[in-house]
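Enquirer: Structure below; questions to follow.
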Amino acid sequence: MVITSGDLAQRLHAEIVGDTAREIRGAQSADRAGISDITFIENEKNLRRLKTTQAGSVLLPTSLRKSITQ
């Protein structure tokens, strides 16, 4: 199944920052994800993975929003 990041954000009632047309074809852990995958960073401990992941899309809880805009 292929879904765009914009469609997924709409279904999840989530805010999206970035390319709403990015195609998502799968889900992987941050260290295994590729450009067409989505991953989830759940806490500040794993936030460092944002710097190295190859994921095309990343889900983050709103509680981490301030951590990534600094």
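The values are calculated or read from the model by the stated rules, or taken from the named source; none is laboratory data. Please read all numbers here as calculations on a predicted model, not as lab measurements. Note that we place each Cβ from the backbone using ideal geometry, even for glycine, and neighbour counts take in every protein chain shown. Please note that ligands, DNA and RNA were not included when accessible areas were found on the heavy atoms of the full protein model with its side chains. Shrake-Rupley method; radii C 1.70, N 1.55, O 1.52, S 1.80 Å.
Enquirer: From the set of residues in segment 46-61 that are β-branched (V, I, T) and open to solvent by less than 60 Å² (accessible area, probe 1.4 Å), which is nearest to M1 (Cα to Cα)?
Expert: V58
Enquirer: If I go through segment 31-45 residue by residue, how many of them are part of a helix (DSSP H, G or I) and buried (at least 16 other Cβ atoms within 10 Å of the Cβ)?
Expert: Adding up the residues that qualify gives 0.
Enquirer: For the list (1) under 10 Å from the mean Cα position of the chain (by Cα); (2) buried (at least 17 other Cβ atoms within 10 Å of the Cβ), I need the number of the one condition that A27 fails.
Expert: That leaves (2) as the condition not met.
Enquirer: Continuing with the same structure: Taking the conditions exactly as written (open to solvent by less than 50 Å² (accessible area, probe 1.4 Å), of a type in the set (A, V, I, L, M) and either modelled with pLDDT under 95 or in a loop (DSSP other than H, G, I, E, B) (or both)), does A21 satisfy them or not?
Expert: No, not satisfied.
Enquirer: Next question, about the same structure. Report, ordered by the first and then the second residue, all pairs with beta carbons closer than 6 Å, sequence separation of six or more or different chains, a first member in segment 1-30 that is of a type in the set (V, I, T), and a second member that is assigned to a loop (DSSP other than H, G, I, E, B).
Expert: Partner pairs satisfying both residue conditions: V2/R25; T4/A21.
Enquirer: May I pose another question? Within segment 36-45, can one find any residue that is of a type in the set (G, A, S) and free of Cβ contacts under 8 Å to residues at least 12 places away in the same chain?
Expert: no
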